[in-house]
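To start, the structure under review is shown below, and the notes come after it.
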Amino acid sequence: MRGIPATAATAALSMALAATLAACGAGEDGGREGGTAAPSAAATTPGAIAWAPCTDIKRPGGQRATPEPGEECGKLTVPLDYADPAAGTIDIALIRFKATGPGERIGSLLFNFGGPGASGVDTLAQAAKAFGALRTRYDLVSFDPRGVERSSGVRCGGTAEMDEYTSVDSVPEDAAERAEIEKVVEGFADACEQTSGKVLPYIGTVNAAEDMERMRAALGDAKLNYVGMSYGTHLGAVYATRYPKNVGRFLLDAPMDPSLSMREHTLAQTAGFQQAYESFLKDCVKDGQCKIGADADAADGNVTAMLEKLDDKPLAVGGRELTQGLAVTAIASALYSEQTWPFLDQALSTAMRGDGQGLMFLADTYTGREPDGSYSTIMSSFPAISCVDTAERPDEAELLKTEKEALKVSPLFGSAGMGSVCSSWPVAGSDESKKIDASGSAPIMVIAGTGDPATPYEWGPKLTEQLGTGVLVTYKGEGHGAYMSGDECVKQVADGYLLDGEVPAEGTTCPKE
């Protein structure tokens, strides 16, 4: 019912990055946990960034990390409402890793890691070492988009409200359960308005794209060089539509199709996760070591039986309960990266024996829940941005139709999607961000994966066509996102484009055939 964030700093990127970062030696002090304090310095004049050492970067264990060489944080003050600059301002938090050389500096390279609602400050702090080749010639820069974490992050109540919202089952079994789910969703939307009502109307992709143009100017770059992952591809496409002449080297990885209706988006994404789940089952049983079943059908049956039991009786995990809804979230989180499939097998098998700790860990990683019960803003920022980015407010009949169709695609992941939240959202939305046309821009590299669960492959050609200046690269592999997959062909093509301006040939496919 809640919809699946299409990205990265939830389980999507944080888990996909884990193996890569370990290989890069970033595991010791490159991670973050918690840390809601703002960077130590903020600009007070619109258009200027006051850079200073970051003060809230933390290691996975919670200890304060020593700042990396060349790492700095700052804030950029921008209008809250671009249509009415007199309405006040909002501060956008940024992080930067200065270029290391020895090559000639190209400029800044701005990252958005997706969501919508992922913290770019947190993610780049963890991932900078994985982009070492790019850092030789770029200052690596990322930011918390408006409504995310340090940038007036949207919050929807406290721990109790968030626990209730994230734990609810995705599909009701009867009228009473449906009424309970609707009550929880409506309560969540009300809490968002009470806690963050002032900024909710101005949280959205169009305004975030305008913020990016101010970042480009404040960074001193004639052109904006950009890497957008998942939702970040939508944000990049909107920027390119509004400022085509300011587009530098743009890499859009795991592309979204902004033109889709909520129903179309839900059905396509449901199919993507079902495909990834089936791929996981086949991979699990191929060597006879699968813990959840001897063959794919048996494994699927065992997972279904476990979820049915959880619907009747959640598993106690510490002082909490692993519900059916949390278990489905956990499964979805691990499907973002092929590298986490073995852990999913382990977590499912232990849950079948009555130990839900592994699945709870996966669910918490996805929803941004910390051990102390606090939440990042991802599960609040995601609907805040998603619902402002569409004028759709589906009624009950439309939601039931979408849910019914989605369940035919996948009994495991089928739901009414984000429509159930947006139907109760307290502010109006707009379809402005759906209009994509970057005519007149420099060539934009779009890379889509054939086994991507969150952004199905067919969205890649569609976004490429809408841009008008896009060049599509196909990645034949599993997982959400191609650049961080570890595929050498992808890295060679992407780095050749970003570092040397080498636009890929039409029809480029990785791995090379």
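The table that follows gives values for the structure above.
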{"item": "Size of electric dipole in the chain: Cβ of Lys, Arg +1 and of Asp, Glu -1, about Cα centre, debye, nearest 20", "result": "1440 debye"}
{"item": "Nearest-20 debye value, segment 247-399 charge dipole, Cβ charges on Lys, Arg, Asp, Glu", "result": "360 debye"}
{"item": "Kirkwood-type radius of segment 126-215, with distances r between different C-alpha atoms, in Å", "result": "16.2 Å"}
{"item": "Nearest-ten-degree value, helix 341-352 long axis tilted from longest Cα axis of the chain", "result": "30 degrees"}
{"item": "Solvent-accessible heavy-atom area per residue, rounded to whole Å², over the chain at 1.4 Å", "result": "37 Å²"}
{"item": "FRET efficiency for Lys404 and Phe361, using Cβ-Cβ distance with R0 set to 30 Å, rounded to 0.05", "result": "0.40"}
{"item": "Prolate/oblate/rounded label for segment 214-270 (Cα gyration tensor, a/c 1.5)", "result": "prolate"}
{"item": "Whole-Å distance, taken between Cα centres, linking segment 117-194 and segment 275-329", "result": "25 Å"}
{"item": "Proportion of all alpha-carbon pairs of segment 369-471 beyond 23 Å (%)", "result": "49 percent"}
{"item": "Within segment 82-190, percent of DSSP bridges classed antiparallel, to nearest 5", "result": "50 percent"}
{"item": "Percent antiparallel among DSSP beta bridges (both partners in the chain, rounded to 5)", "result": "45 percent"}
{"item": "Percent accessible area from carbon and sulfur atoms, the chain, protein chains only, probe 1.4 Å", "result": "50 percent"}
{"item": "Descending semi-axes in Å of the chain, equivalent ellipsoid built from Cα gyration tensor", "result": "33, 26, 23"}
{"item": "Dipole in debye (nearest 20) - segment 303-371, about Cα centre, beta carbon charges: Lys, Arg +1; Asp, Glu -1", "result": "120 debye"}
{"item": "Segment 233-318: equivalent-ellipsoid semi-axes (sqrt of 5 x gyration tensor eigenvalues, Cα, Å)", "result": "40, 18, 13"}
{"item": "Simple spin-label estimate for Thr159 and Ser374 in nanometres, 7 Å along Cα-Cβ", "result": "1.1 nm"}
{"item": "All-pairs Cα distance distribution in segment 450-513, expressed in whole percent, bin size 10 Å", "result": "21, 54, 24, 0"}
{"item": "Full-extension gain in nm, Glu193 to Lys512, via 0.36 nm per residue minus C-alpha separation", "result": "109.9 nm"}
{"item": "Acute angle (nearest 10 degrees) that the helix 296-312 long axis makes with the longest principal axis of the chain, alpha-carbon atoms", "result": "80 degrees"}
{"item": "Degrees between helix 262-285 axis and first principal axis of the chain (Cα, 0 to 90, nearest 10)", "result": "70 degrees"}
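The values are calculated or read from the model by the stated rules, or taken from the named source; none is laboratory data. Quick caveat: nothing in here was measured; it's all calculated off a predicted structure. Every residue, glycine as well, gets a Cβ built from its backbone with ideal geometry; the counts of neighbours run over all protein chains shown. Ligands, DNA and RNA are stripped out before the accessible areas are found, and what is left, the full protein with its side chains, is counted by its heavy atoms. Shrake-Rupley method; radii C 1.70, N 1.55, O 1.52, S 1.80 Å.
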